[in-house]
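Beneath this line is the structure, given in structure tokens, with notes to follow.
Just so it is clear, none of the values below were taken in a lab; they were calculated from the coordinates. Given the structure is predicted, the values throughout are model-derived calculations rather than measurements. For neighbour counting, all protein chains shown are included, and Cβ atoms are generated from backbone atoms with ideal geometry for every residue, glycine included.
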Amino acid sequence: MPIVTLITDLGNKDFYLSTVKAALYREQVDLDVVDITHHIARYDISQAAFVLKNVMHHFPTGTIHMIGVSSKSTDNIRHLAFDYDGQKIICADNGFFSLIAEKKADLIVELNLTLDTDFKNFPLRDLYTKAATHICRGGTLEVIGKRTEVFERRTMFQPAIGDGFIKGVVAFVDHYGNAVTNIHKNLIKQVGKGRTFLIGFTQKGYDIDRIDERFDDSSEAERIALFNSAGYLEIAIVHGKASQLLGLELGATVIMTFDD
């Protein structure tokens with residue numbers, strides 16, 4: 001059964017998300033729709049890209065990802081479909097793909113589907129669903145779009161580094177209040193070189209001096225650091241909300257300092 005995932009900033013309060021799913025099922029009943037998240041901060045493609053980058057490798061080959069963040073049509077925006085690493089990504093030409101790509105896409109097309117409706121107000125529902133279900137039925141990208149090599153490029157905010165520090169930010173806060181940073185374990189290994197360290201926050205006095213392997217290694221209400229499944233440093237409080245208690249809301253600074 002084909003898998004279609006959704007990452008949007010629509011939330012669950014309004015009916016907009018339901019109309020997107022209805023459009024998918026109207027076109028292709030036999031598919032599995034996976035809600036990755038609908039709580040991306042409004043128009044924040046960097047956050048959406050961070051989420052997909054963390055979960056994409058868990059999905060099987062052939063999965064189709066629809067990105068409904070900052071995708072509203074204007075007269076000068078294009079809508080693209082990418083064949084990338086065995087999966088398909090459908091999104092606006094707003095820089096999203098450049099934020100997740102670690103290598104060149106196998107194929108990029110600019111969508112040019114002829115639709116019965118004016119999709120300019122809601123391309124996620126009226127255009128992306130058509131493209132996704134076409135792929136679900138075994139259709140190729142060349143049928144629904146024109147080949148292109150051109151797409152908008154942006155750069156993901158990267159941690160600042162020095163000989164004795166890494167300064168990053170909170171890139172995502174999950175449902176449990178855990179704060180996922182943009183600091184990857186490979187960067188820590190590169191800069192830290194095995195040295196002891198402290199992980200500090202805006203709120204002073206809550207430094208962490210170790211990285212645990214799992215939540216179960218710690219006691220109730222203890223603040224901990226660990227790597228998530230994608231290798232990014234995550235700050236948590238066992239059965240608590242680190243984002244609130246440690247001031248680690250989206251964009252908050254996290255700094256690792258290493259001993260000489």
Spelling it out for residue 38: with amide H atoms placed in the peptide plane at 1.01 Å from N, the residues 5 or more places away or on another chain with amide H under 5 Å from its amide H are 8
As I understand it, the value is the acute angle between the Cα axis of helix 45-55 and the longest principal axis of the Cα atoms of the chain; what does it come to in degrees, rounded to 10? 80 degrees
For a bin width of 5 Å, list the pair-distance distribution of the range 160-258 built from all Cα-Cα distances, rounded to whole %. 3, 14, 27, 28, 19, 7, 1
Test of the criteria: in the range 5-53, which trypsin sites (Lys or Arg not before Pro) are in a DSSP loop and have at most 15 other Cβ atoms within 10 angstrom of their Cβ? 13, 42
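I need the per residue convex hull volume for the range 3-147, using only the alpha carbons, in cubic angstrom as a whole number.
For the range 3-147, the hull spanned by Cα atoms encloses 105 Å³ per residue.
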Taking N as the number of residues in the chain, what is its alpha-carbon radius of gyration divided by 2.2 N^0.38 Å? 1.11
For the chain, what does the helix formula give at 222 nm: sum of -39500 (n - 2.57) over DSSP H segments with n ≥ 4, over the residue count, nearest 500 deg cm²/dmol? -5000 deg cm²/dmol
